[in-house]
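**Q** Handing you this structure, nothing more for now.
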Amino acid sequence: TYRVIPCGQLGAVIFYRSQEVSGDGKINWYFSGYDTNLVQSWVQPVPLPSGRDFLSSTFCSDTLVMLFSETGKSKFSINSLEIIRIIIPAGVLILNSFPLENGDIAGHFSAGKGRVWAGLISRNETGRILTVDPDRGTVSSFPLGTGDRTGLLWIGADSATATLWAMVTRQVTKKITEYYLVQYDSTGALLRETPIQTGTVSQQFTRATVITSGPGEKLILGSYGLAGKGQGGKGSAGGLATGLFSCLVKNGIAQSVRYFNFLEFKNATSFVGESGILYLKKKALKKNRTLGEYSLDYSMQIHDAVRIGGRYVLLAESYSPQYHTESFTDFDFYGRPYTNSYSVFDGYRFFNAIVAGFDAEGSMVWDNCMEIRNLVSFDLAPKVSLFSSGGNLVLCYSSEGKIGSRVIRESEVIEKQDFADVEMLHSDDKLISESKGVLAYWYGNYFLSQGYQEIRNIALENNSKRMVFCFSKLRFDP
């Protein structure tokens with residue numbers, strides 16, 4: 001599978017796993033550098049152990065840091081963590097490999113100040129963090145804290161101080177989970193641990209992100225769910241979301257957590273439907289309850305919070321697994337026919353992007369949303385891009401060879417959802433289907449789109465139908 005990672009005005013990196021076998025049974029991965037005009041500038045092969053897959057990346061200054069590891073659960077394989085650093089202007093690739101303990105799987109990932117941090121998921125349900133100094137070739141790990149059932153919601157490196165911030169979960173009982181904002185130094189020593197009180201045991205955080213909102217201040221934003229509503233358990237993320245939450249931490253002291261139920265959003269009717277809201281309001285009135293006591297129970301992906309125009313903006317995407325049923329006829333021992341049916345997983349269908357703006361205290365000032373149409377994917381990487389243009393916010397994504405976009409200004413819709421075709425290579429090309437389409441913000445008003453396309457062109461005698469991987473540079477014109 002080809003992948004493209006934008007690296008600002010330094011260009012982009014395209015990489016894929018080939019079928020070439022290197023020494024010691026390793027597989028060659030190929031990495032290529034492209035400038036902002038999509039002209040290839042260098043190509044480098046890197047041998048990685050068989051079974052490795054790309055997990056995550058981060059780009060800072062002039063260096064792209066990429067994380068590779070085994071994603072399976074085979075107890076017979078020896079897992080390790082491969083870190084590739086690419087110095088973009090020089091086209092220099094540096095590979096470091098570090099062994100993992102048996103059963104460890106790398107999860108959350110961050111890099112900064114010459115260090116790489118990775119959250120580890122272990123078989124005994126006790127989370128750890130791996131800290132790596134690639135230049136010195138040293139690696140060490142440390143536990144998330146006390147307790148034998150700990151997990152991670154988020155980690156982020158502080159490049160200025162070479163420390164790490166983390167949202168840590170600790171399973172106390174089957175129904176009670178504690179949450180902490182923790183700061184570690186480069187050796188893993190705990191510098192500060194701030195407990196985050198959820199208020200009630202019925203509300204549990206499902207995903208989180210942390211952003212600096214001022215000197216000595218951290219603003220925690222994320223999604224929450226109700227206990228028993230498909231929670232991930234074991235201190236893990238991934239439960240069903242009821243709404244968004246915020247919590248401001250000042251000088252190591254957490255303020256009260258604020259909850260914002262999706263049903264109470266100003267734009268709730270856009271993703272629930274007016275009839276659905278009306279039905280729930282009548283139901284709440286009949287049972288003498290508030291609308292906020294009901295839950296939509298969405299599976300959510302949370303983007304990193306960003307500061308735009310003095311507000312802290314959080315983008316979330318809702319999705320659900322999609323299946324279809326296949327049937328076949330079989331015969332029993334006596335030759336009598338009967339029908340067998342089974343479900344086939346098609347991928348995750350993304351159906352809404354929900355965006356909200358918060359002030360420095362954590363109050364939600366505005367909300368908005370955009371429908372995501374016809375986007376099914378086997379991976380749960382974020383699909384929608386968000387960027388600021390002339391005081392407005394643009395939400396956009398790629399699906400079926402088109403770019404869907406909406407322009408908003410806080411709760412106001414400036415331009416309704418629009419779809420633009422991505423230009424084909426030849427004028428006679430006709431798009432039959434597209435898969436694994438991704439639209440990523442690049443720099444300025446430019447984006448990179450990528451995906452696999454099945455194309456028919458009757459003007460080409462020997463290549464009337466072809467499957468290609470393509471990537472395009474797109475400009476947004478406000």
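The values are calculated or read from the model by the stated rules, or taken from the named source; none is laboratory data. As the structure is a prediction and not an experimental result, all values here were calculated from the model. Quick reminder, even Gly has a Cβ in these numbers, built from the backbone with ideal geometry, and neighbours come from all protein chains shown. When the accessible area is computed, the model is the full protein with side chains, heavy atoms only, and any ligands, DNA or RNA have been set aside. Shrake-Rupley method; radii C 1.70, N 1.55, O 1.52, S 1.80 Å.
**Q** For segment 345-425, rounded, prolate or oblate, judged on the Cα gyration tensor with a ≥ b ≥ c (square roots of eigenvalues), a/c < 1.5 rounded, else prolate if a/b > b/c?
**A** Verdict is oblate for segment 345-425.
**Q** Using the Karplus curve 6.51 cos²θ - 1.76 cosθ + 1.60 with θ = phi - 60°, what ³J(HN,Hα) values do you get for each residue of segment 380-394, in whole Hz, with x for Gly and Pro?
**A** 9, 5, x, 10, 9, 9, 10, 8, 9, 8, x, x, 9, 10, 10
**Q** Right, next: Considering only the other residues whose Cβ falls under 13 Å of the Cβ of Gly156, what net charge follows from Lys and Arg at +1 and Asp and Glu at -1?
**A** Its environment carries a net charge of +1.
**Q** Just tell me which aspartates and glutamates come within less than 19 Å, Cα to Cα, of Lys430; anything on the same chain fewer than 8 places away is out.
**A** Lys430 reaches Glu400, Asp421, Glu454, Glu461.
**Q** Turning to a different aspect of this structure: I need to check one value: relative contact order of the chain, counting alpha carbon pairs closer than 8 Å and at least 6 residues apart, in percent.
**A** Across the chain, relative contact order equals 7 percent.
**Q** Please compute the per residue accessible area over the chain with all protein chains in place, 1.4 Å probe, rounded to a whole number of Å².
**A** 49
**Q** If amide H atoms are built 1.01 Å from N in the plane of the peptide, which residues on other chains or at least 5 residues away come under 5 Å of the amide H of Ser213?
**A** Here Lys218, Leu219 satisfy the definition.
**Q** Quick one: Karplus J couplings for segment 255-264, per residue in order, coefficients 6.51, -1.76, 1.60, θ = phi - 60°, nearest Hz, x for Gly and Pro?
**A** 7, 5, 6, 10, 10, 10, 5, 4, 5, 9
**Q** Long-range amide H contacts for Gln203: which residues qualify at under 5 Å (H placed 1.01 Å from N, peptide plane, sequence gap of 5 or more or a different chain)?
**A** Result for Gln203 returns Ala227.
**Q** For the cross-link pairs Lys174/Lys250; Lys113/Lys250; Lys218/Lys473; Lys266/Lys416; Lys175/Lys282; Lys174/Lys266, which exceed 26 Å when the distance is taken from alpha carbon to alpha carbon?
**A** With Cα atoms farther than 26 Å apart: Lys174/Lys250; Lys218/Lys473; Lys175/Lys282; Lys174/Lys266.
**Q** Near the amide H of His108, under 5 Å away, which other amide H atoms are found, from residues 5 or more places off or on another chain, if H is placed in the peptide plane?
**A** Here the answer is Gly119, since their amide H atoms fall under 5 Å of that of His108.
**Q** What does the highest-first list of 84-95, 3-14 look like by mean Cβ count within 10 Å?
**A** 3-14, 84-95
**Q** Quick one: what are the phi-derived ³J(HN,Hα) couplings along segment 84-91, Karplus 6.51/-1.76/1.60 with θ = phi - 60°, whole Hz, x for glycine and proline?
**A** Those phi angles translate into 10, 10, 10, 7, 4, x, 8, x Hz.
**Q** Which percent of the accessible heavy-atom area of the chain goes to carbon and sulfur, probe 1.4 angstrom?
**A** Carbon-and-sulfur percentage of accessible area, whole number: 49.
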